[in-house]
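**Student:** Input: one structure, supplied below.
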Amino acid sequence: MKPSITKDAGRHFLTDRIREEVDWYNTPQSQGEAPPPVQKPVPEGSAIVRLPRQDEWAIPACDLADAIARRESHRRFAADPLSLDELAFLLWSTQGVRKYLHEAAVLRTVPSAGCRHPFETYLAVLQVAGLAAGIYHYLPLEHALAHEPTPDHLPARLAAAVRGQSFAAAAGVTFIWTAIPGRTEWRYGEASYKVIALDAGHVCQNLYLACEAIGCGTCAIAAYNQELADELVGVDGREEFVVYLAPVGRV
């Protein structure tokens, strides 16, 4: 019988290794290094799509208790597209900026250890009214989208990246979160691998609840092909890599 990796080496990754090896007095922050920027730079010449802001979108009021009670994963979606208002609301709910502190720290709509916010949000857009299908990168400081290079046969490439889970190819849009670990490592060193995982859960739960407000549903995906997912959004797989996906559609 094959032994479980969680009984020995696997658990050391989240317990003994951090307890024994983290040097809280030898992090980049403690050494006086400048923190990484809070937003990934946009390549020069990128096409930018402005998104509706809070005072512009038409989003119905939603009772929080009802949204929590109704929250569930959905893998079947209607053919109706999302509106640009709805997409803007979902992006604001998951990574929106509430307050700019300085070039290396912002307060967002989700918690993050040490205000480090290690994630970038990419979108595989298939059915959003007023938005061409393709890969987009969310710019939370500007509340806008940058159009990224998009591979041919996007639905098929997306389905392959999530190991054949075909409901992603039927969604209006799939949220693809990447991590830039250097942002969190600047303060937490080895402990970053724990808190980045925790932070990802905060982000996706906000997406679940926000979907309830607009008659949509989502299903978090952690079973994906790392190489194909990284290639889909054009990241290097080392300094930035995909950590979580969530297709969204009308239900």
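Each value in this text was obtained by applying a stated rule to the coordinates, not by laboratory testing. Because the structure is a prediction, the values reported are computed rather than measured. Neighbour counts are summed over all protein chains in view; Cβ atoms, including those assigned to glycine, are modelled from backbone coordinates with ideal geometry.
**Student:** Which value, in debye to the nearest 20, describes the size of the charge dipole of the chain about its Cα centre when Lys and Arg Cβ atoms bear +1, Asp and Glu Cβ atoms bear -1, and nothing else is charged?
**Tutor:** 640
**Student:** Expressed in nm to one decimal, what extension gain is obtained for the pair HIS202 and LEU228 from 0.36 nm per residue of sequence separation less their Cα-Cα distance?
**Tutor:** Details: separation 26, 0.36 × 26 = 9.36 nm, distance 2.47 nm.
Contour length minus the Cα-Cα distance gives 6.9 nm.
**Student:** Tell me what the chain gives for mean residue ellipticity at 222 nm when only DSSP H runs of n ≥ 4 count, each as -39,500 (n - 2.57), the sum divided by the residue total, rounded to 500 deg cm²/dmol. All intermediate terms of the calculation are to be shown ahead of the outcome.
**Tutor:** Working: 8 runs with 75 residues, N = 251.
Estimated from H runs of four or more residues: -8500 deg cm²/dmol.
**Student:** Check every DSSP H run in the chain and write down those whose alpha carbon atoms cover 24 angstrom or more along the long axis and whose mean Kyte-Doolittle hydropathy is 1.6 or greater.
**Tutor:** none
**Student:** For PHE241, what residues show an amide H to amide H distance below 5 Å, using hydrogens built from the backbone and excluding near sequence neighbours?
**Tutor:** Amide H neighbours of PHE241: ALA179.
**Student:** Once the piece of chain linking GLN54 and ALA104 is laid out straight, how much longer is it, given 0.36 nm per residue of separation minus the C-alpha distance between them?
**Tutor:** 15.6 nm
**Student:** What does the convex hull of the Cα atoms come to per residue for the chain, in Å³?
**Tutor:** Normalising the Cα hull of the chain by residue number yields 153 Å³.
**Student:** Can you sort LEU90, LEU198 so the residue with the fewest Cβ neighbours within 10 Å comes first?
**Tutor:** If I rank by nearby Cβ atoms, fewest first, I get LEU198, LEU90.
**Student:** Shifting gears a bit: When a/c is below 1.5 the answer is rounded, else prolate if a/b is larger than b/c, else oblate, so apply that to region 39-83 with a ≥ b ≥ c taken from the square roots of the Cα gyration tensor eigenvalues.
**Tutor:** prolate
**Student:** Which loop trypsin sites (Lys or Arg not before Pro) in region 171-228, with loop taken from DSSP, have no more than 13 other Cβ atoms within 10 angstrom of their Cβ? The partial results should precede the final answer.
**Tutor:** On the way: sites: ARG183, ARG187, LYS194; in loops: none.
Passing sites in region 171-228 do not exist.
**Student:** Of the peptides 119-130, 234-245, how do they stack up when ordered by the mean number of other Cβ atoms within 10 Å, highest first?
**Tutor:** The peptides rank, most packed first, as 119-130, 234-245.
**Student:** Could you sort the peptides 43-50, 211-218 by per-residue average Cβ neighbour count (10 Å cutoff), highest mean leading? Before the final figure, lay out each step's value.
**Tutor:** Working: 43-50: 10.4, 211-218: 21.9.
Descending packing order for the listed peptides: 211-218, 43-50.
**Student:** Work out, in µm²/s and without decimals, the Stokes-Einstein translational diffusion coefficient of region 133-251 at 20 °C, 1.002 mPa s, Rh from Kirkwood over C-alpha pairs.
**Tutor:** Approximately 142 µm²/s, per Stokes-Einstein.
**Student:** Still on this structure: Got a sec to turn the phi values of region 48-62 into Karplus ³J(HN,Hα) couplings, 6.51 cos²θ - 1.76 cosθ + 1.60 with θ = phi - 60°, whole Hz, x for Gly and Pro?
**Tutor:** Karplus-based 3J(HN,Hα) across region 48-62 equals 10, 10, 6, 9, x, 9, 3, 7, 10, 7, 9, 10, x, 5, 9 Hz.
**Student:** Among all cysteines in the chain, which have no other cysteine Cβ under 4.7 Å from their own Cβ?
**Tutor:** Here CYS62, CYS115, CYS204, CYS219 come out as lacking a disulfide-compatible partner, given the Cβ-Cβ threshold of under 4.7 Å.
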